[in-house]
Amino acid sequence: MGEYDEKETCGTICLKYLLFSFNFFFWLAGGAVMAVGVWTLVEKSDYISLLSSGIYAATAYILVIAGAIVMVTGILGCCATFKEQRQLLRVYFVLLLCIFLLEILAGILAYIYYQQLNDELKQNLRETMTSKYKRVGEERVTEAVNKLQQEFKCCGSNNSQDWQGSEWVRTPEAGGRQVPDSCCKTITPQCGKRDHPSNIYKVEGGCITKLENFILEHLRIIGAVGIGIACVQIIGMIFTCCLYRSLKSEPY
């Protein structure tokens with residue numbers, strides 16, 4: 001009997017340290033998940049305004065929320081492990097399960113949007129760029145378009161000719177420009193008046209393909225991070241169940 005108790009105690013101690021190690025790395029992973037979500041929302045928020053669907057932003061928000069919960073859960077897991085309280089372990093397990101479902105949801109949303117992105121950009125990007133550029137109340141779209149054309153060295157949705165159908169080009173504000181100044185290879189005042197390939201990004205193609213590739217790359221990162229961390233959590237849930245079973249019931 002004593003030998004059995006000694007083996008049980010040894011097994012419990014091993015499980016405790018395994019779960020503690022898991023929680024430490026889990027806490028770091030939570031920080032990484034939250035960082036990916038925050039980075040997407042802060043650094044790439046301009047491009048979100050060019051998308052008609054909110055799925056891309058929703059996926060990033062889910063990662064931020066999940067990452068924050070992961071970090072709190074990691075601390076709770078350490079406390080539950082060393083205090084050996086079954087009630088805390090139950091709470092910890094439920095939180096792990098909730099985070100697991102959140103991150104699977106983020107991965108699924110990323111995958112769904114991955115499939116829909118091309119159609120959405122084809123249907124909406126040109127209209128957004130030509131109808132909302134420089135319009136009052138659409139300052140975010142204007143900034144996003146300028147940033148998009150400069151960062152990706154492109155002009156228009158499909159090509160620079162898209163700007164001929166722009167509402168802004170026909171206004172006095174355009175000042176005779178054929179394209180926005182952000183289409184120019186070297187930006188100078190009124191440079192958009194001359195649409196020669198030596199002056200603007202005319203032969204480099206439109207922005208739609210470059211924006212699509214950019215967003216697809218980030219969707220892959222978001223999806224991989226979400227599903228990857230979710231798979232790691234399965235290990236944590238298994239450790240938690242094993243430790244929970246190895247502990248004697250608390251006295252009431």
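Shown are Arg194, Arg245, Arg170, whose ranking by accessible area with a 1.4 Å probe and every protein chain present, most to least, is Arg245, Arg170, Arg194. Counting pairs of alpha carbon atoms under 8 Å apart in space and at least six apart in sequence, what relative contact order in percent does the chain give? Worked out over the chain, it gives 24 percent. Between 0 and 90 degrees, rounded to the nearest ten: what's the tilt of helix 55-83 against the longest Cα principal axis of the chain? Helix 55-83 sits at roughly 20 degrees to that axis. Only protein atoms count toward the accessible area here, which uses a 1.4 Å probe; on the chain, the carbon and sulfur part of that area reaches 63 percent. Ranking Ala68, Tyr92, Leu51 by Cα position along the charge dipole of the range 31-109, where only Lys, Arg, Asp and Glu carry charges on their C-beta atoms, puts Tyr92 farthest toward the positive end. Taking the chain as a Gaussian network, where each spring joins two C-alpha atoms under 10 Å apart, which residue of Asp195, Asp46, Asp119 fluctuates the most? Between Asp195, Asp46, Asp119, it is Asp119 that shows the largest mean-square fluctuation. A dipole drawn for the range 111-252 from +1 and -1 charges on Cβ atoms has a positive end, and of Gly223, Phe152, Ile235 the residue lying farthest that way is Phe152.
Its convex hull of Cα atoms gives the chain a direction-averaged projected area, equal to a quarter of the hull surface, of 16.9 nm².
Scaled to the globular estimate 2.2 N^0.38 Å, the Cα spread of the range 191-252, given as radius of gyration, is 2.53. Using the 1.4 Å probe convention, the accessible area of the chain works out to 51 Å² per residue with neighbouring protein chains retained. The alpha carbons of the range 124-214 stretch over 34, 29, 19 Å along the principal axes, in descending order. Solvent-free Debye calculation, one equal scatterer per alpha-carbon of the range 93-167: log10 I(q)/I(0) at 0.18, 0.20 Å⁻¹ equals -0.78, -0.87. When the chain is treated as a Gaussian network with alpha carbon springs shorter than 10 Å, the biggest mean-square fluctuation among Ile227, Ile112, Ile208 belongs to Ile112. Comparing Cα centroids, the range 130-196 and the range 63-100 end up 50 angstrom apart. Compute the convex hull volume of the Cα atoms of the range 133-185, divide it by the residue count, and report the result per residue in Å³ as a whole number. Spread over its residues, the Cα hull of the range 133-185 gives 71 Å³ apiece. Among Val64, Val38, Val72, the order of accessible area from largest down is Val72, Val38, Val64, computed with a 1.4 Å probe on protein heavy atoms.
The values are calculated or read from the model by the stated rules, or taken from the named source; none is laboratory data. Since the structure is predicted, the reported quantities are computational estimates derived from the model, not experimental observations. For neighbour counting, all protein chains shown are included, and Cβ atoms are generated from backbone atoms with ideal geometry for every residue, glycine included. To get the accessible areas, we keep the full protein, side chains included, count just its heavy atoms, and leave off ligands, DNA and RNA. Shrake-Rupley method; radii C 1.70, N 1.55, O 1.52, S 1.80 Å.
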